[in-house]
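Colleague: The following block contains the structure, expressed as C-alpha cells.
Read the figures in this text as sums done on the coordinates, not as results from a lab. As the structure is a computational prediction, the values presented were derived from the model and not from experiment. FYI the Cβ positions are ideal-geometry reconstructions off the backbone, even for glycines, and counts take in every protein chain you see.
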C-alpha cells in the first residue's frame, strides 16, 4: 500500500534541499522508525513569526558515535535525500546528536507514520509496523534495540560474565506490551514487568516504568539470526562473547569504543 503524501507540507528549505519521502513501507524505513521510537525526537515550536521544526536522534558520544555517523546518517540520506547534521551536546560533549530542521519530514513522521510530537511517555508501536510482515517487524525492532535496548552479560553462577540479557525499560507501558506481542509472535521467550517504581537519587521523585527482557543463550542466538544489530557496540559485545564464551566488563567495552571514536575527527554541523 502506498502512502498518501498529498497533504504533506514542504518548506522552501525542504524543496531547496531536495527532500524525498518514501511512498511505501520498506525494511529500511521500518528500521528508521524503530530508531525514532527509541532515541528519536520530533518537535515543532513557534517563536513569534518563525517556526522551528526539529528531527533529532541523541545517543552516547563514545559508544554510539560509529553507529550515528556510519549507519544512521547514511540511512537517513538514503531514505530522505537529506544530509543530517552531526554535532555534540553538553559541557563534556557526552551526547552526539544527529538532527535537521524539516517541516516535510516532521509531517511525514507525524501524519503518515503516527509518531507523536514532543514527549513520548505513552508512545506505541505504529500500526503500519504492527500490521506488516515479519521482515519489516524485525527491521523495526532492530532500530529500536540499537537505540533503546541494552545487551549485557551476567556472571550468574560463574566468575565471568557469560549469561546474555537483552532488555528494554520504558516509561510507556503500551510500548513494552507492543514489543512483547511482536517478539512472542517471532517465537522469543520474553519476561515482562510492569509499573515498576524507582526513586531518582537527585530529585527524589518516583518514576514509573515497565521493562521487557530476553534471557539466555537461545534468545540471543535467535535474535542474531532473525533480527541482528546495526550498532557496532552490540555486535562487538556479541562477537567477543561468541569467541571467548564471556563478555568483558562495560568499562572495557567503552575503552574499545573510545578508540574507535577517535578514528574520526570531531564532527561539525554540515549544510
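Colleague: May I ask for the distance between the Cα centers of the stretch 172-226 and the stretch 96-120, given as a whole number of Å?
Modeller: 25 Å
Colleague: Once the chain is represented by equal point scatterers at the alpha-carbon sites, with solvent omitted, what log10 I(q)/I(0) does the Debye formula produce at q = 0.08, 0.12, 0.14 Å⁻¹?
Modeller: With no solvent term, the Cα-only Debye profile gives -0.35, -0.80, -1.09.
Colleague: Based on DSSP H runs of at least 4 residues, each adding -39500 (n - 2.57), what is the mean residue ellipticity at 222 nm of the chain after dividing by all its residues, to the nearest 500 deg cm²/dmol?
Modeller: One gets -10500 deg cm²/dmol as the mean residue ellipticity at 222 nm.
Colleague: Would you mind getting me the FRET efficiency between residue 28 and residue 185? Use the beta-carbon distance for r and R0 = 22 Å, nearest 0.05.
Modeller: E between residue 28 and residue 185, to the nearest 0.05, is 0.50.
Colleague: Got a sec? How would 89, 136, 72 order by Cβ neighbour count within 10 Å, fewest to most?
Modeller: 89, 136, 72
Colleague: Still on this structure, I have one more. Classify the stretch 54-159 as rounded, prolate or oblate, taking a ≥ b ≥ c as the square roots of the eigenvalues of its Cα gyration tensor: rounded when a/c is under 1.5, otherwise prolate if a/b is larger than b/c and oblate if not.
Modeller: Since a/c reaches 1.5 but b/c is at least a/b, the shape of the stretch 54-159 is classed as oblate.
Colleague: Taking other Cβ within 10 Å of each residue's Cβ, how do 194, 109 sort, fewest first?
Modeller: Exposure proxy ranking, most exposed first: 194, 109.
Colleague: Using the count of nearby Cβ atoms within 10 Å as a rough guide to exposure, how do 102, 201 rank from fewest to most?
Modeller: Ranked by crowding around the Cβ, least crowded first: 201, 102.
Colleague: To test your reading of the geometry: what angle, between 0 and 90 degrees and rounded to tens, separates the Cα axis of helix 27-39 from the longest principal axis of the chain?
Modeller: It works out to around 80 degrees.
Colleague: Please state the shape class of the stretch 174-271: rounded when a/c is under 1.5, otherwise prolate if a/b exceeds b/c and oblate if not, all from the C-alpha gyration tensor.
Modeller: It comes out oblate by the Cα gyration axes.
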